[in-house]
Amino acid sequence: MSTLTETILFVFGLVAAGYIAGLTGYLRSETGDAVAEFAVNVALPLLLFRTMIGADFHGAAPWALWFCYFSAVLVVWTAGHLVTTRGFGRDAKAGVVGGVTAAFSNLVLLGIPFMQGVFGEQGFEILSLLVSVHLPIMIAASILMFEWAGRGEGGGKSFADLGRIFLRRLFTNPLIIGILAGLAFRATGLVLPALPLRLIDALANVAGPVALFAMGLGLRKFGVSGNVRAGIALAALKLVLMPAVVLGMAWLLGLPPLTAKVAVAAAALPAGVNSYLIATQFGTGQALASNAMTIGTAAAVVTTALWLAIGQAVFG
């Protein structure tokens, strides 16, 4: 068995372990919520903080990377919206959920441990460049698009209100806090003393396995229900169209090989829980997001391996 295949099976095996623990009733869904809360609020922010203070981003081409990745987000979001509204006859608000579900990669719970396992610390550092802007951009786009979708219903929010909502969500997000705190500490030029660094390492080092296990528990909780065909269609856009667009853009822009492969792999990841949370907040499309997330995660065991192989063949 190759190292790459073993890594993919290991990553998705931890997700499967969490799912089985929930399926068999060995762990309650409330336990999954608590494990996910620890991962997102403690372990992953500390991992990002540690990465920000010690990473070498030289040669990662952030502007080209961001343009490459978010060009694909725009294409796939539009496709997801049209598939949901015109293909399955849903309203514009559900279309926003369809768009964000098709374009919102699970870069944190799945992406961080996946990139560490496949590409090592260098790959994770490149992914951190995406994580640092991905959540703010996707949250802002979701808020604006949902307001646009409901523009004919009255009670629309002003730009000032939208700005306050966005900033509140942004600066209370533990992942963003971890990134900003790391960048701020890095700017001081100081070095962390041994004991604080050891404490951070102890918690940051469990972030990957804990996040993957929590994700598996979450998938059991959300499950598959309602219009499964729409979920399959959105999962296909996420797992096939998005990495294809990123690969084409990375080739056209001449991204460095590792940066290009990380970008393609990030685009090939399935949708995460954020799309379901956005659907819940909007009060529409919950089954749509849940189906796409669950189906996409199961299919990604195969499709991510395929895109990794294609990326290696194209970029070396």
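The values are calculated or read from the model by the stated rules, or taken from the named source; none is laboratory data. What you see is a predicted model; the values in this text were computed from it and never measured. Cβ sites come from the backbone with ideal geometry, for glycine too, and all protein chains shown count toward neighbours.
Taking the stretch 19-28, which residues are of a type outside the set (A, V, I, L, M) and surrounded by 14 or more Cβ atoms within 10 Å (Cβ to Cβ)?
Taking the stretch 19-28 as the starting set, the residues that turn out to be of a type outside the set (A, V, I, L, M) are 19, 22, 24-26, 28.
Hits for the stretch 19-28 are TYR19, GLY22.
Looking at ALA160, ALA202, ALA140, can you tell me which residue is modelled with pLDDT of 85 or more and out of contact with any Ser or Thr (no Cβ under 6 Å at 6 or more places or on another chain)?
Values: ALA160 fails: modelled with pLDDT of 85 or more; ALA140 fails: modelled with pLDDT of 85 or more.
Within the list ALA160, ALA202, ALA140, the selection yields ALA202.
Sort out which residues of the stretch 8-47 are assigned to a helix (DSSP H, G or I) and of a type in the set (Ser, Thr, Tyr), and write them in order of number. Break it down stepwise before answering.
In the first step, residues of the stretch 8-47 are kept if they are assigned to a helix (DSSP H, G or I); the result is 8-23, 29-47.
Of everything in the stretch 8-47, those that are assigned to a helix (DSSP H, G or I) and of a type in the set (Ser, Thr, Tyr) turn out to be TYR19, SER29, THR31.
Among the residues of the stretch 40-48, are any touching a helix residue (DSSP H, G or I) at 6+ places or on another chain (Cβ under 8 Å), modelled with pLDDT of 90 or more and surrounded by fewer than 20 Cβ atoms within 10 Å (Cβ to Cβ)?
So far as the stretch 40-48 goes, yes, one or more of its residues are touching a helix residue (DSSP H, G or I) at 6+ places or on another chain (Cβ under 8 Å), modelled with pLDDT of 90 or more and surrounded by fewer than 20 Cβ atoms within 10 Å (Cβ to Cβ).
For the condition among the polar types (S, T, N, Q) and either at pLDDT below 80 or farther than 30 Å from ALA305 by Cα (or both), what is the one hit in SER225, SER132? Write out each step before concluding.
Values: SER132 fails: either at pLDDT below 80 or farther than 30 Å from ALA305 by Cα (or both).
Only one candidate passes the filter, namely SER225.
Picking from ALA230, ALA235, which residue would you name as being touching a residue at least 12 places away in the same chain (Cβ under 8 Å) and more than 17 Å from the chain's Cα centre (by Cα)? It would help to see each step written out before you state the result.
Details: ALA235 fails: more than 17 Å from the chain's Cα centre (by Cα).
Just a single option satisfies the conditions, and that option is ALA230.
Listed here are the residues, each with its yes/no results for (1) modelled with pLDDT under 95; (2) within 30 Å of GLY22 (Cβ to Cβ).
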site	(1), (2)
ALA181	yes, no
GLY189	yes, no
GLY216	yes, yes
LYS238	no, yes
LEU241	no, no
VAL246	no, no
MET249	no, no
VAL262	no, no
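Taking the condition of being over 18 Å from VAL246 (Cβ atoms) and touching a Lys or Arg at 6+ places or on another chain (Cβ under 8 Å), how many residues in the stretch 284-316 meet it?
Adding up the residues that qualify gives 4.
With the condition kept exactly as written, say whether any residue in the stretch 59-72 is under 24 Å from ALA300 (Cβ atoms) and free of Cβ contacts under 8 Å to residues at least 40 places away in the same chain.
Step one: filter the stretch 59-72 for residues under 24 Å from ALA300 (Cβ atoms), giving 65-66, 68-72.
From the residues that got through so far, the ones that are free of Cβ contacts under 8 Å to residues at least 40 places away in the same chain too are none.
Among the residues of the stretch 59-72, not one is under 24 Å from ALA300 (Cβ atoms) and free of Cβ contacts under 8 Å to residues at least 40 places away in the same chain, which makes the answer no.
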